[in-house]
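Here's the structure we're looking at; comments come further down.
A short reminder: the numbers here are calculations on the coordinates, not readings from a lab. Source: prediction; values computed, not measured. Cβ placement follows ideal geometry from the backbone for every residue including glycine, while neighbour counts extend to all protein chains displayed.
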Amino acid sequence: MDTNLVELAERSNDGIAVRLLWSRETGEVVLEVIDDRTGAGFELEVPGERALDAFRHPFVYVSSPGGRVVAPDVAGATGAAAGFRRTA
């Protein structure tokens, strides 16, 4: 994803930070999820019409058929089983 990003939304709860980002250049919408306690996280490319759903429920969305992980990290046993790799 390019560096020409606009933050559309941000929230944090119980050590989990979630940001919704939009690229002016490509039009891509990306959901970023980071566990502030461990540093583990992932980014998902999401269709614009599903962006708010993904932002509100990122862990449900990542396991849905529409979720395409673009920067995976090990997200517990489920992430490891799916072959996710650590990016940080």
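Numerical summary
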| item | result |
| --- | --- |
| Nonlocal amide H pairs with residue 28, under 5 Å, H built at 1.01 Å | 23 |
| For residue 16, residues with placed amide H under 5 Å, excluding near neighbours | 36 |
| Residue 37/residue 60 FRET efficiency (R0 30 Å; Cβ-Cβ; nearest 0.05) | 0.90 |
